[in-house]
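Rule-based calculations on the coordinates, nothing more; no lab input. As the structure is a prediction and not an experimental result, all values here were calculated from the model. Glycine gets a Cβ as well: all are built from the backbone with ideal geometry, and neighbour counts include every protein chain shown.
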Amino acid sequence: MSDFTASPQPQADPLIARMREFGTTVFAEMTALAVRTGSINLGQGFPDTDGPAAMLEAAVAAIRSGANQYPPGHGVPVLREAVAEHREKHYGLVYDPDHEVYVTVGATEAISATLLALVERGDEVVLFEPYYDSYAAVITLAGAVRRAVPLRLTDGRFTFDPDELRAAIGPRTRAIIVNSPHNPTGTIFNRDELSLIADLCLRHDLIAVTDEVYEHLTFDGVEHIPLATLPGMRDRTVMISSAGKTFSVTGWKTGWICAPAPLVAAVRTVKQFLTFTMGAPWQLAAAYGLRHELAWVTTLRDSLAAKRDRLITGLTQAGFEVVRPSGTYFVQTDIRPLGFTDGLDLARTLPSLAGVVAIPTQVFYDNPAYGKHYVRFAFCKKDEVIDEAVRRLAGLEKRTDTRP
Ligand SMILES: *Cc1c(COP(=O)(O)O)cnc(C)c1O
């Protein structure tokens, strides 16, 4: 070693301190485990079949016809118009396609840009746990503080305690994130729950950020009600959705925001420096999908409901206690009847025990204790994949050495 050791050593972790808790996600760990063990991956929520053929062709046609340069920052006009038409037709909500609709790189960027644009350092953001993982990371990136309200299993579905929600709102609360249909519990908030949320937004002057990417993937006739349709809410809601889940094209990352013009203008100020704009061919194809493929989406919904039932039957036979979801791609299972108590522990051993990968629900909580005994399985897979997973899980034997 030389004597010249005074030069500063690189820091052990160059990542900014506040982001260190978000280092590696359980999805990466579980996917690697699935590959290493040759397991069936019911962890990650993406379909293993393609979206509507004509919509895929529309993307190819868009590339062939030269839609290959920067589109306008707020999105190609035809997609903004198709989104506005869709909102009006399905929900009776009228948005001006030029100033109140904004195209983003998936719902993920819509969420990030919205929170970065509207939430000040030190502000508080209320959200329901378990939550989609990007919410917590972006709140932290914005320098804001999250206040999580737990969804608890009550009469067969996950919902919140109104008093716990009221208690989470304080003088620094700026926004609330509402994800319905909800990943990972499959709950669809009903009108009473939404009215309570709306009432609190109005009373405390909060902005609602709604993640509605599963808006069409609802089962058993349960209706998805956008929060923006409740009295007074359109003016304070940033409504977010995307093509990925609706049309089984999660790799397209084509999303959109609908909100009053001043909120959209604020989001645009941030978004223009994140990505400026979103890939043109996907936008044109998503517009085609919204205008011509909603019948296909109805078929997808019915097929997903059948897959849900197929997986529920198998998981129940294998000994799990299953919570029946009203929407999304996912079922929650209570692992205690099988003699397990820690979902993370089970998720890590399930590939070697049964050759199946699932996601421990506790990773979606600030307080992991609430979700400790739940594991999430995805059913947006081919029937034969679900059947094989079920066959493997049937071999799971009830554990006798229950761990603490
Ligand atoms: C899949 C998913 C997203 C991400 O949507 P993209 O359009 O792929 O960015 C956002 N929120 C929830 C709840 C999701 O499940």
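In the stretch 218-228, the condition of being buried (at least 22 other Cβ atoms within 10 Å of the Cβ), assigned to a strand (DSSP E or B) and within 16 Å of the ligand (Cβ to nearest atom) is met by no residue.
I'd like the full set of residues that are among the charged types (D, E, K, R) and assigned to a helix (DSSP H, G or I), limited to the stretch 353-400. Residues satisfying the conditions are ASP383, GLU384, ASP387, GLU388, ARG391, ARG392. Checking each residue in the stretch 163-187 for being assigned to a strand (DSSP E or B) and either of a type in the set (Asp, Glu) or touching a His at 6+ places or on another chain (Cβ under 7 Å) (or both) picks out only THR173. Scanning the stretch 148-162 for residues that are within 16 Å of the ligand (Cβ to nearest atom), more than 22 Å from LEU116 (Cβ to Cβ) and part of a strand (DSSP E or B) yields a single hit, PHE158. Comparison of VAL83, VAL78 shows that the only residue that is part of a helix (DSSP H, G or I) and away from the ligand (no atom under 16 Å from the Cβ) is VAL78.
Being buried (at least 19 other Cβ atoms within 10 Å of the Cβ), within 21 Å of the chain's Cα centre (by Cα) and within 24 Å of GLU85 (Cα to Cα) is a description that applies to GLU212. The residue pairs whose first member lies in the stretch 223-246 and is over 14 Å from ILE177 (Cβ atoms), whose second member is within 13 Å of the ligand (Cβ to nearest atom) and assigned to a helix (DSSP H, G or I), and whose beta carbons are closer than 6 Å, counting only pairs six or more residues apart or on different chains, are SER242/GLY106; SER242/ALA107; ALA243/TRP252; ALA243/ALA286; GLY244/THR250. Just one of the listed residues (SER303, SER248) is polar (S, T, N, Q) and under 18 Å from ALA107 (Cβ atoms), namely SER248. Hey, does the stretch 275-283 have a residue that's under 23 Å from the mean Cα position of the chain (by Cα), assigned to a helix (DSSP H, G or I) and either surrounded by 22 or more Cβ atoms within 10 Å (Cβ to Cβ) or of a type outside the set (Gly, Ala, Ser) (or both)? Within the stretch 275-283, one or more residues are under 23 Å from the mean Cα position of the chain (by Cα), assigned to a helix (DSSP H, G or I) and either surrounded by 22 or more Cβ atoms within 10 Å (Cβ to Cβ) or of a type outside the set (Gly, Ala, Ser) (or both).
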